[in-house]
Amino acid sequence: IYSFDEDMRRLGKKPETRIIDFVKMLPTDTIADALSLAPNESVYRIMRLRLADGEPMLLEPDYLNHR
């Protein structure tokens, strides 16, 4: 399992995470299939900006079933 924080610490960098967006939405078909959602079932999208030593490294979207 990948861990951004552990990888950055291993490289001697200070990891940081900022949540830049958090919304409830209808997923794309691809996301709905991946999460085995019923039709018209919502998800929460959490968009995180991952930084190392204050420098942006990764923009990471996560999708969670609203239940």
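Read-outs: derived from the displayed coordinates by stated rules, not from any lab. All values derive from a computational prediction rather than experimental measurement.
Projection of the Cα convex hull of the chain, averaged over all directions and equal to a quarter of that hull's surface, yields 5.2 nm².
Given the DSSP H assignment, sum -39500 (n - 2.57) over each helix run of at least 4 residues in the chain and divide by its residue total; what's the result at 222 nm in deg cm²/dmol, nearest 500?
The helix-only estimate for the chain comes to -4500 deg cm²/dmol at 222 nm.
Here the extension length gained between Thr28 and Arg45 equals 5.0 nm, from 0.36 nm per residue of separation less the Cα-Cα distance.
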